Amino acid sequence: MKRFLIAAAAVGLIAGITAATVNAAPANTEERGYISVDASANTELTPDVVEINIAVKTSDSKSLQKATQENKEISDKVYTALKTMINKEQGDYIKTADFSAVPVYNYSSNKKNFEKYEVSNSIIVHTKNVDKTGNIIDKAISLGATNVNDLNFSVSNYEAQCNDLLAIAAKKAKTRADSIAKASSTYVTGIKSLNNSCSTSNNQRIQYRLMAKNMMYDSEAGSAAPEATPIQSGVIKIYANINACLLYTSPSPRD
């Protein structure tokens, strides 16, 4: 009987402690949530790198070998001349981007008719001599290049610029979250998630001018090219974006 009373008293004591703990918990528990904010930063830079995609196309109605040989002769001249206009020591280079030799057919009255053999050699010129872009294009065309397929300006320190802008955007996001939290009588305590990205703008205006020039050459075969192709590099815009979910906590009732 005595043991039973002691055991019962112990159970009652434990139950009392547990009840006290459960009842006291809400007084010490802080409400938690998160604030989602977006922030961005951007800058404009003058391009210091250009990639020019130049094509040499030849054709012959009877011989693929003849079209290929003619293409080789023109391409060799283009390669040799353009190599003197770049600086390998600063990372410039010239490479073949694509080469094709195919028969061309036309269709008439549901009939497939052979037209010619066509050979195309696509050459990439990568250089930091941005101011020579127009001269490079003119030289290639004067030696027999038939197309300038693409022109892409960029900045060599893109990664460093991206990192700097992301740091600025992150500070903006933190300041914005702190301001929202303060207005809501809470405070930021940590990071739940953080997403970031960098991007650049495309200079369509440059490509349009170049396309217009190519169309003029196509429509006026044999016409002399102007002394210098009017290419303006413009500016490159770099954008950095931050999406942050920051944890916040309500002040304890004891505070």
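The values are calculated or read from the model by the stated rules, or taken from the named source; none is laboratory data. On a predicted model such as this, the values are computed, not experimentally measured, just so you know. Here the Cβ positions follow ideal geometry from the backbone for every residue, glycine too, while neighbour counts run over all protein chains shown. With ligands, DNA and RNA removed, areas are computed over all heavy atoms of the protein, side chains included. Shrake-Rupley method; radii C 1.70, N 1.55, O 1.52, S 1.80 Å.
Cβ under 12 Å from Asn87's Cβ, Asn87 left aside: what net charge do those residues give with Lys, Arg +1 and Asp, Glu -1? All intermediate terms of the calculation are to be shown ahead of the outcome.
Working: positive: Lys83, Lys88, Lys128, Lys132; negative: Glu89, Asp92.
Spelling it out: positives minus negatives among the neighbours equals +2.
Please compute the alpha carbon radius of gyration of region 141-191, then divide it by the globular-protein estimate 2.2 N^0.38 Å. Two decimals is fine. Mind dumping the intermediate values first?
On the way: Rg = 23.0 Å, N = 51, 2.2 N^0.38 = 9.8 Å.
Cα Rg divided by the expected 2.2 N^0.38 Å: 2.34.
Leaving out ligands and nucleic acids, and using a 1.4 Å probe, what accessible area per residue does region 55-173 come to in Å²? Walk me through the numbers before you get to the answer.
Details: 6810 Å² over 119 residues.
Value for region 55-173: 57 Å² per residue.
Lys62: which lysines have alpha carbons under 23 Å from its alpha carbon, excluding same-chain residues fewer than 8 sequence positions away?
Straight-line reach from Lys62, under 23 Å: Lys72, Lys111, Lys112, Lys116.
When each pair of different Cα atoms in region 28-128 is counted once in the 1/r mean, what is the Kirkwood radius in angstroms, to one decimal? Could the numbers behind the result be given before it?
Numbers: mean 1/r = 0.0553 Å⁻¹.
Radius from the Kirkwood sum: 18.1 Å.
5 Å is the cut-off here: which amide hydrogens, built 1.01 Å from N in the peptide plane, fall below it relative to Asn147, excluding neighbours closer than 5 in sequence?
Under 5 Å from the amide H of Asn147 lie the amide H atoms of Ala55, Lys57, each far enough along the sequence or on another chain.
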